[in-house]
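The values are calculated or read from the model by the stated rules, or taken from the named source; none is laboratory data. No experiment lies behind these values; they were computed from the predicted model shown. No Cβ is skipped: glycine too gets one built from the backbone with ideal geometry, and neighbour counts run over all protein chains shown.
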Amino acid sequence: MATSSGTTSIATPGQLLGPASKFQPGPGTHIHNSNLYSSLLGVVHASQPAKPPGPSKRLTKITVPTQTPAELPTLSVSRTGVSEKREVLPEVGNTVLCRVTRITPRQAVVAILICGDTVLEAEWQGLIRVQDVRATEKDKVKIYESFRPGDIVRAEVISLGDQANFYLSTARNELGVILATSEAGNNMYPVNWKEYMDPETGLSELRKVAKPY
Amino acid sequence: MATDTKSLYVLPGDAIDKSLVPRHKKQPLRLGPGLRHIPPSAIVPTTAGQLVVEPRKNSMWMEYNGGRYVPAQNDLVIGQVQRSAAELYLVNLAAHTASATLPQLAFEGATKKTRPQLAQGALVYARVVLANRHMDAELECVSAATGKAEGLGPLTGGMAFDVSLGLARRLLMARSRDEGGVEVLELLGAEGLAFETAVGRNGRVWVGSDSPKTIVLVGRALRETDEGRLDVEQQRKLVKRLVREMR
């Protein structure tokens with residue numbers, strides 16, 4: 001049922017929460033026909049509206065501020081109860097850190113681990129297509145000389161993609177492989193934009209290296 | 001023992017005596033297949049086989065007869081077309097392994113309009129372009145530098161026989177009689193049989209000829225050389241016996 005200020009009531013998807021004239025939509029809700037409906041199964045929160053500033057007094061003049069829309073309380077529905085943490089989803093333009101799981105001649109399949117600064121709870125799968133690896137000479141890119149399974153890559157989300165994958169790109173200088181392990185099993189250090197070197201064996205391997213900050 | 005490398009057989013993980021490792025003033029030491037360098041100075045075999053040392057080129061490697069073919073770059077192989085996907089043929093190099101990919105444009109004179117017509121089950125003689133343990137192997141039937149086939153391409157007629165990997169490697173050596181100890185194909189040719197062969201490093205030998213009797217005879221000779229581990233003298237006797245039986 002519609003609730004105005006209850007903090008412990010549960011809403012199901014599609015449940016009417018209130019009119020849009022009285023509430024602001026927050027995360028987990030949507031507006032349909034000027035009514036606020038819940039989008040998720042969860043607990044309804046109402047944030048208290050900001051106290052409208054009283055009439056401000058100056059020495060010579062008293063002005064009454066006009067009612068701003070931000071005064072309406074915001075209704076939000078969250079799944080995990082009281083906690084404010086929301087599941088962060090990678091958005092277009094976010095910089096993510098991911099681990100390469102598989103390479104084929106046309107793309108590299110990665111598991112997205114960190115979005116921005118937050119560690120994701122679930123691992124989302126992403127694709128780095130061969131034409132998105134570099135900005136120049138896109139048709140001459142060889143995936144085997146850019147990534148290897150197990151590398152940690154900094155990439156940018158370019159598309160939310162389809163049901164299975166996000167689409168990522170490493171076509172900037174500061175994007176690319178940041179951590180790589182050599183064939184002998186040692187941690188490698190970057191030498192230039194396309195080589196990593198194993199300090200113990202002295203052999204270098206080709207990767208698309210991210211420019212260190 | 002130190003100089004008699006012809007009979008030095010090692011097992012994986014054996015320590016190799018430092019005196020066996022060749023030294024050269026200028027060239028660095030080159031390790032071939034089957035050996036692994038563990039820094040700082042240990043050289044360890046990874047397969048069971050014969051250790052071969054070449055002091056002039058300052059290189060050492062292992063000769064071994066494995067059961068499973070692992071694709072390596074620039075190998076010549078005989079593959080069987082499994083099916084064709086978008087712009088690709090999926091080619092089978094060995095039983096129960098992942099297919100290798102062969103682009104449909106990687107043939108001599110192939111353009112987007114004129115492609116080769118390879119049916120399922122056809123044999124091709126190809127070179128391995130890309131092979132590593134993270135991806136499927138890629139093949140080509142044309143030399144990338146010159147654009148000419150140079151013997152590669154579909155193999156029509158004839159029959160492919162399975163041989164061991166060791167025999168395939170020895171057949172492909174430049175001086176197969178001296179270094180490899182196989183002369184059976186040359187001997188059969190000297191007896192007057194007309195046939196052509198293609199040897200694939202993945203353990204397949206294709207034999208083509210006008211007469212099926214010749215094909216069967218060559219196949220039998222190869223199989224008996226392989227299974228009996230015959231040396232050059234025994235191969236000579238084998239060839240004479242087979243040709244006599246045929247006539």
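The number of residues in the range A:85-109 being of a type in the set (V, I, T), part of a loop (DSSP other than H, G, I, E, B) and more than 14 Å from A:A155 (Cα to Cα) comes to 2.
Just for the range B:209-227: of the residues that are touching a helix residue (DSSP H, G or I) at 6+ places or on another chain (Cβ under 7 Å) and farther than 26 Å from B:A72 by Cα, which one is surrounded by the fewest Cβ atoms within 10 Å (Cβ to Cβ)?
Restricting attention to the range B:209-227, the residues satisfying the condition of being touching a helix residue (DSSP H, G or I) at 6+ places or on another chain (Cβ under 7 Å) are B:209, B:213, B:217-218, B:220-222, B:224-226.
From the residues that got through so far, the ones that are farther than 26 Å from B:A72 by Cα too are B:209, B:213, B:217-218, B:220-221, B:224.
Numbers: B:S209: 19, B:K213: 11, B:L217: 22, B:V218: 27, B:R220: 15, B:A221: 24, B:E224: 18.
Across the range B:209-227, the extreme among qualifying residues is B:K213.
Just checking, does the range B:49-58 include any residue being more than 14 Å from chain A (Cβ to nearest Cβ), farther than 22 Å from B:G180 by Cβ and at pLDDT below 90? There is at least one residue in the range B:49-58 that is more than 14 Å from chain A (Cβ to nearest Cβ), farther than 22 Å from B:G180 by Cβ and at pLDDT below 90.
For the range B:113-129, the criterion of being in contact with an Asp or Glu (Cβ under 6 Å, 6 or more places away or on another chain), in a strand (DSSP E or B) and within 14 Å of chain A (Cβ to nearest Cβ) is met by at least one residue. Residues in the range A:100-113 that are out of contact with any His (no Cβ under 8 Å at 6 or more places or on another chain) and buried (at least 17 other Cβ atoms within 10 Å of the Cβ): A:V100, A:Q107, A:A108, A:V109, A:V110, A:I112.
For the range B:44-72, the set of residues classified as out of contact with any Lys or Arg (no Cβ under 6 Å at 6 or more places or on another chain), in a strand (DSSP E or B) and either among the small types (G, A, S) or more than 25 Å from B:H24 (Cβ to Cβ) (or both) consists of B:G49 only.
Any residue at all in the range B:89-96 that's over 30 Å from B:K18 (Cβ atoms), among the β-branched types (V, I, T) and touching a residue at least 40 places away in the same chain (Cβ under 8 Å)? Yes: the range B:89-96 contains one or more residues that are over 30 Å from B:K18 (Cβ atoms), among the β-branched types (V, I, T) and touching a residue at least 40 places away in the same chain (Cβ under 8 Å).
Here B:T146 meets each of (1) at negative phi; (2) surrounded by fewer than 19 Cβ atoms within 10 Å (Cβ to Cβ); (3) in contact (Cβ under 8 Å) with a residue 12 or more places away in the chain with one exception, condition (3). For A:K211, the criteria (1) farther than 17 Å from A:R99 by Cα; (2) in the same structural domain as A:L113 (by TED's automatic domain parsing); (3) in a loop (DSSP other than H, G, I, E, B) hold in every case but one, which is (2). If you go through the range A:84-107 and keep only what is within 14 Å of another protein chain (Cβ to nearest Cβ) and free of Cβ contacts under 8 Å to residues at least 40 places away in the same chain, you end up with A:T104, A:P105, A:R106, A:Q107.
Just one of (1) within 14 Å of chain A (Cβ to nearest Cβ); (2) touching a residue at least 24 places away in the same chain (Cβ under 8 Å); (3) out of contact with any Leu (no Cβ under 6 Å at 6 or more places or on another chain); (4) not polar (S, T, N, Q) fails for B:E108. It is (1). In this entry, B:Q50 passes the filter for residues that are surrounded by 13 or more Cβ atoms within 10 Å (Cβ to Cβ), within 21 Å of the chain's Cα centre (by Cα), over 28 Å from B:L130 (Cβ atoms) and of a type in the set (S, T, N, Q). Among the residues of this structure, B:A160 does not count as one that is modelled with pLDDT under 90 and either loosely packed, with under 14 Cβ neighbours inside 10 Å or not β-branched (V, I, T) (or both). Pairs linking a residue in the range A:180-204 that is closer than 18 Å to B:I38 by Cβ to a residue that is of a type in the set (V, I, T) and in a loop (DSSP other than H, G, I, E, B), with Cβ atoms under 8 Å and 6 or more positions apart or on different chains, are A:S182/A:T201; A:A184/A:T201; A:N186/A:T201.
For (1) at pLDDT 95 or above; (2) more than 30 Å from B:L102 (Cβ to Cβ), each residue gets a yes or a no:
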| site | (1), (2) |
| --- | --- |
| A:E84 | no, yes |
| A:E91 | no, yes |
| A:N94 | no, yes |
| A:V100 | yes, no |
| A:T104 | no, no |
| A:W124 | no, yes |
| A:R134 | no, no |
| A:K138 | no, no |
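When residues in the range B:204-221 are screened for being closer than 19 Å to B:S164 by Cα and out of contact with any strand residue (DSSP E or B) (no Cβ under 6 Å at 6 or more places or on another chain), 4 of them pass. Of all residues in the range B:134-148, those satisfying the criterion of being among the charged types (D, E, K, R) and facing chain A (nearest Cβ under 9 Å) are B:D136, B:E138.
When B:L188 is tested against (1) crowded, with 17+ Cβ neighbours inside 10 Å; (2) hydrophobic (A, V, I, L, M, F, W, C); (3) assigned by TED's automatic domain parsing to the domain that holds B:D231; (4) in a loop (DSSP other than H, G, I, E, B), only condition (4) is not met.
Please go through the range B:73-95 and give me each residue that is assigned to a loop (DSSP other than H, G, I, E, B) and under 19 Å from the mean Cα position of the chain (by Cα), ordered by number. Within the range B:73-95, B:Q73, B:N74, B:D75, B:L93, B:A94, B:A95 qualify. When the test is whether a residue is among the aromatic types (F, W, Y), farther than 21 Å from A:N192 by Cβ and surrounded by 19 or more Cβ atoms within 10 Å (Cβ to Cβ), A:F166 passes it.
Would you confirm whether any residue within the range A:141-158 is within 14 Å of another protein chain (Cβ to nearest Cβ), among the acidic types (D, E), surrounded by fewer than 18 Cβ atoms within 10 Å (Cβ to Cβ) and in contact with a Leu (Cβ under 8 Å, 6 or more places away or on another chain)?
yes
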